[in-house]
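One structure is given here, and the rest of the page talks about it.
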Ligand code: TMP
């Protein structure tokens, strides 16, 4: 089972995943958490280039390709083998982030972006994708207040991040059988409980 968590900046995915993993392990599942970009030595090195504030001149096409390079490696080296062994893989972001940020955010041709994503993943699609949805201003404020790592992507304009969120919501509409939306603008415990419920429901189906 391949589960991915998506969302705009500050939506809280990263803080929820370890607790979901622990919950599922207690239920007896073999679970492997990972994140994008990253999760392998090569992909983490690419992450550093992508997020480094000194790379402000990076062109959107360069950015798009680097995310795909990092992704191709983690799919082959980590995700595919673990899924083949019957494990649950939970990824903090996956290819929907590319469609949202590089496609909708940078307003690149969606058709081109989708073709690149397909090439990078070899067509591997998640079984379940959860959108932790949150107002952009609230999310960016959360990131500043919590002094979370501020990276090159965060520094794009609020308009860019609004297009990202709108893009996610369009993707949910287009593929409702794969997506579940969870409102992240509520108490952390309520969000965690809803995430657990959605995952348990999917595992039972
Ligand atoms: P995060 O670890 O805070 O989620 O940072 C990842 C950043 O990278 C976030 O701003 C979203 C961005 N990103 C893309 O723009 N495209 C992608 O394909 C992925 C995986 C992430």
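Before moving on, here are some points about what is shown:
- Per residue of the chain, the DSSP helices (runs of n ≥ 4 H) give a summed -39500 (n - 2.57) that works out to -15500 deg cm²/dmol at 222 nm.
- Computed extension gain for residue 135 through residue 197, at 0.36 nm per residue and net of the alpha carbon distance, reaches 20.0 nm.
- The value of relative contact order for the range 115-205, using C-alpha pairs under 8 Å at least six residues apart, is 39 percent.
- The modelled label-to-label distance for the pair residue 158/residue 183, using points 7 Å beyond Cα in the direction of Cβ, is 2.2 nm.
- Within the range 2-204, DSSP assigns beta bridges of which about 0% are antiparallel (rounded to the nearest 5).
- If you model the range 1-79 as an ellipsoid using its alpha carbon gyration tensor, with each semi-axis the square root of five times an eigenvalue, the axes come out at 27, 15, 10 Å, biggest first.
- Least to most buried among 91, 205, 190, 43 (fewest other Cβ within 10 Å first): 205, 190, 43, 91
- Counting every other Cβ atom within 10 Å of each residue's Cβ, 134, 5 order from fewest to most as 134, 5.
- Relative contact order of the chain, pairs being alpha-carbon contacts under 8 Å that are 6 or more residues apart, as %: 32 percent
- Were the residues from residue 118 through residue 56 laid out at 0.36 nm apart, the gain over their Cα-Cα distance would be 19.6 nm.
- Our estimate of slack between residue 143 and residue 111, defined as 0.36 nm per intervening residue step minus the Cα-Cα distance, is 8.4 nm.
- As a proxy for reagent exposure, 153, 171 were ordered by neighbouring Cβ count within 10 angstrom, fewest first; the result is 153, 171.
- Cα-Cα pairs of the range 2-204 separated by more than 21 Å (percent): 51 percent
- FRET E, pair residue 174, residue 69, Förster distance 25 Å, beta-carbon r, rounded to 0.05: 0.45
Coordinate-derived values only; no laboratory data. Here the structure is a predicted model, which is why all the values come from computation and not from measurement. Here Cβ is always computed from backbone atoms with ideal geometry, including for glycine, and neighbour counts include all displayed protein chains.
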